[in-house]
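Peer 1: Below is the structure I would like to discuss, written out as structure tokens.
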Amino acid sequence: MSAAPPDKATIVAAVMDDLLALDVDTDDATVGVARIVAASGGVFAGTPVVREIVARVGVRTRALVAEGGAVADGTPVLELGGPLAAIRGVAPLALTWVTRCTAVASGAVPSEAGNPIDAYAARLSAQAAVGHDEPSFHLEIDPAAGMDATAVTDHEG
């Protein structure tokens, strides 16, 4: 199922407080690639939100799974490229939002009334079966970039 994503202004309004709280190391210019990987299954959602969040710190995204697509444990869903310090700094916020959107799209948590991002994710819902709790994701940093792949650990909503 597909649905029009919220516009950029709506996304920025929803995430601005969290964006302002980010602490990104701007002294480290090392660039590389990382992937957001599903740690459990569900209906994937959140690309537009993550794209807007990471772009604010100079990180690019490439979707590896379509919005509303089913994902299983171990499925890479998004690729991030850019300064590794920025990726590490923004990863917890990106993981929080992709987890939230996927949980709503998967039917693991109800959509919050009046929340336009939840409403978008709910429209993607196929009401797929999920595990005993909501979906989760983690970040994998390309080891070729010389960074510890465990710099950002599993994150659950």
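Here, each number is a calculation from the coordinates, and none is a lab measurement. Source: prediction; values computed, not measured. So basically every Cβ, Gly included, is an ideal-geometry build from the backbone, and we count neighbours across all protein chains shown.
Peer 1: Checking a compactness column here: for region 1-137, what do you get for Rg(Cα) / (2.2 N^0.38 Å), N being the number of residues? Provide the component values of the computation, followed by the final result.
Peer 2: On the way: Rg = 14.3 Å, N = 137, 2.2 N^0.38 = 14.3 Å.
So region 1-137 has a normalised radius of gyration of 1.00.
Peer 1: In addition: How would you order 91-104, 45-58 from highest to lowest mean count of nearby Cβ atoms within 10 Å?
Peer 2: Details: 91-104: 24.6, 45-58: 22.7.
So the peptides 91-104, 45-58, ranked by packing, come out 91-104, 45-58.
Peer 1: How large is ³J(HN,Hα), in whole Hz, for each residue of region 20-31 in order, when computed from phi with the Karplus curve 6.51 cos²θ - 1.76 cosθ + 1.60 and θ = phi - 60°, using x for Gly and Pro?
Peer 2: Taking θ as phi minus 60°, the curve returns 5, 8, 5, 10, 10, 6, 8, 7, 9, 9, 4, 9 Hz for region 20-31.
Peer 1: Figure the gain on full extension for Arg62 and Ala9 (residue separation times 0.36 nm, minus the Cα-Cα span) and round it to one decimal in nm. Write out the running numbers ahead of the final one.
Peer 2: Values: separation 53, 0.36 × 53 = 19.08 nm, distance 2.08 nm.
Going from the current span to full extension adds 17.0 nm.
Peer 1: Additional query: Out of residues 5 or more away from Val33 or on other chains, whose amide H comes under 5 Å of its own, with H placed 1.01 Å from N in the peptide plane?
Peer 2: For Val33, whose amide H was placed from the backbone, the distant partners under 5 Å are Asp142.
Peer 1: Along the Cα→Cβ direction, 7 angstrom out, place labels at Glu79 and Ala55. What is the inter-label distance in nm?
Peer 2: The modelled label-to-label distance comes out at 1.9 nm.
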